[in-house]
Amino acid sequence: MKVLVSRLVQAVMVAILIGTATFIMMRSLPGDAAWRIAAGRYGYDNVDAAAADTVRGELGIDGPALPALLQWLSDLARFDFGNSLVSGQPVMDEIVHQLGASASLALVALLLSLVIGPPLGILAGLRPGGMLDRVLLVASTGVKAVPQFLMALVLIVLLAVHLRWLPAAGHGELRHFILPGLTLALGLAAVNARITRDAMARIADMPFWRFAQWKGLSERQTLLRHGLRNVSVPLITYLGLQFVTLVEGVIIVESIFGWPGIGHALVHAIFSRDVPMVQGTALVLGLGFVIVNSAIDLAVRRLDPRVAG
């Protein structure tokens, strides 16, 4: 209960800080916000000074900032994110639609990373200093050092252009998930593998591991009965930190692959100076971080033998 109350307080603070920070930053950007919003509505080729003046008068963009911020915070207390300045649609409706696409992509990436990284880490941790351990160290370091936008371009050129195995862009079919999901997953898998390897090597050197094998259990039985639960604790703990990396990657990857998710929408909202959309999107991402960390705290309390008993 204390964890939930603490996370609830944290969520409220995150909502206020993110809303205020995004509002101030969007107001501080150079250029004519009315022109940008008009361009987002009508297209850059169709916008002119008259259209910008119409938007400026309609939205009251040049009005005082403090009342606008207080109004947004008041609406937020009623779970009202306002309307998009570009489309005129409720921000919450647009976010719900986009969040589904982003969540599905993030889930695919997370599952792929867990399929790739931890099994390799366990095998390397069981034989520290072996060939697999050395190869994994070099490979994971190299993959983690590659920026995600470059990883995306390499995979597009290799798998979509040269080999023609996968589409370079698109949405709606299972094959469209593979390239963006793999782009996100490889960096996560590189870190997952090293964390799992270090945890497995440490656990395999503990007295309870040797005692289990002294009782006659095979290495596989010892791993299944005693190892996996202990290895999962640091891995799950790190998933909270990986969520930040995943969100940052989603914004980049969605823009490259044209994925209709919340990251792609956030980039367009920033360019269009759509303040309510930016505030709502950033708020949802921030609250998502709080929710994921709360779930991880509860999972660790359940899995850690020192806590769960």
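Among the residues making up the stretch 147-170, those that are free of Cβ contacts under 8 Å to residues at least 12 places away in the same chain and among the aliphatic types (A, V, I, L, M) are LEU150, VAL154, VAL157, LEU158, VAL161, LEU163. Out of ILE236, ILE270, one residue alone is open to solvent by 20 Å² or more (accessible area, probe 1.4 Å), in a helix (DSSP H, G or I) and under 23 Å from LEU188 (Cβ atoms). It is ILE236.
Residues in the stretch 153-201 that are among the aliphatic types (A, V, I, L, M) and within 18 Å of SER104 (Cβ to Cβ): LEU166, ALA169, LEU174, ILE178, LEU179, LEU182, LEU184, ALA185, LEU188. Report yes if VAL96 is of a type outside the set (Gly, Ala, Ser), closer than 24 Å to LEU283 by Cα and exposed (fewer than 15 other Cβ atoms within 10 Å of the Cβ), otherwise no. In short, yes. None of LEU76, LEU99, LEU66, LEU17 is assigned to a helix (DSSP H, G or I), hydrophobic (A, V, I, L, M, F, W, C) and under 30 Å from ILE178 (Cα atoms) except LEU99.
Assuming THR281 fulfils every condition listed in (1) crowded, with 20+ Cβ neighbours inside 10 Å; (2) within 15 Å of the chain's Cα centre (by Cα); (3) under 23 Å from LEU179 (Cα atoms) apart from one, which condition is it? The single condition THR281 does not satisfy is (3). Comparison of GLN221, GLN213 shows that the only residue that is surrounded by fewer than 19 Cβ atoms within 10 Å (Cβ to Cβ) and in contact with an Asp or Glu (Cβ under 8 Å, 6 or more places away or on another chain) is GLN213. Close contacts from the stretch 37-62, counting a first residue that is free of Cβ contacts under 8 Å to residues at least 24 places away in the same chain and a second that is exposed (fewer than 11 other Cβ atoms within 10 Å of the Cβ), with Cβ to Cβ under 8 Å and a gap of 6+ residues or different chains, come to ARG56/ASP62.
Rundown of residues vs (1) outside any helix (DSSP H, G or I); (2) open to solvent by less than 40 Å² (accessible area, probe 1.4 Å), yes/no style:
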position	(1), (2)
LEU111	no, no
LEU114	no, no
ILE122	no, yes
GLY129	yes, no
LEU132	no, no
THR141	no, no
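Residue pairs whose Cβ atoms lie under 8 Å apart, separated by 6 or more positions or on different chains, with the first residue in the stretch 193-219 and closer than 15 Å to GLY117 by Cα and the second surrounded by 13 or more Cβ atoms within 10 Å (Cβ to Cβ) and acidic (Asp, Glu), are ARG197/ASP133.
Take the conditions (1) more than 21 Å from the chain's Cα centre (by Cα); (2) in a helix (DSSP H, G or I); ARG164 misses just one of them, which is (2). In the stretch 17-42, how many are of a type outside the set (Ser, Thr, Tyr), over 21 Å from the mean Cα position of the chain (by Cα), farther than 19 Å from ASP53 by Cα and open to solvent by 30 Å² or more (accessible area, probe 1.4 Å)? Matching residues across the stretch 17-42 total 2. PHE243 passes every criterion in (1) open to solvent by 20 Å² or more (accessible area, probe 1.4 Å); (2) among the aromatic types (Phe, Trp, Tyr); (3) at pLDDT 85 or above apart from (3).
For the stretch 43-62, a residue qualifies if it is part of a loop (DSSP other than H, G, I, E, B) and open to solvent by less than 60 Å² (accessible area, probe 1.4 Å), and the qualifying residues are GLY43, VAL47, GLY60, ILE61.
Checked against (1) among the aromatic types (Phe, Trp, Tyr); (2) in a helix (DSSP H, G or I); (3) open to solvent by less than 50 Å² (accessible area, probe 1.4 Å), TRP259 passes all but condition (2).
Taking the criterion of being aliphatic (A, V, I, L, M), under 30 Å from ARG36 (Cβ atoms) and assigned to a helix (DSSP H, G or I), would at least one residue in the stretch 208-228 satisfy it? No, the stretch 208-228 contains no residue that is aliphatic (A, V, I, L, M), under 30 Å from ARG36 (Cβ atoms) and assigned to a helix (DSSP H, G or I). Within the stretch 1-16, the set of residues being farther than 17 Å from LEU70 by Cβ, of a type outside the set (Lys, Arg) and surrounded by 15 or more Cβ atoms within 10 Å (Cβ to Cβ) comprises GLN10, ALA11, VAL14. When HIS226 is tested against (1) in contact with a helix residue (DSSP H, G or I) (Cβ under 6 Å, 6 or more places away or on another chain); (2) at negative phi; (3) modelled with pLDDT of 75 or more, exactly one condition is not met: (3).
The values are calculated or read from the model by the stated rules, or taken from the named source; none is laboratory data. Predicted model, so just to flag it, every value in this text is computed and none were measured. In this analysis, Cβ positions are derived from the backbone assuming ideal geometry, glycine residues included, and neighbour counts consider all displayed protein chains. These accessible areas exclude ligands, DNA and RNA; they are computed on the full protein's heavy atoms, side chains included. Shrake-Rupley method; radii C 1.70, N 1.55, O 1.52, S 1.80 Å.
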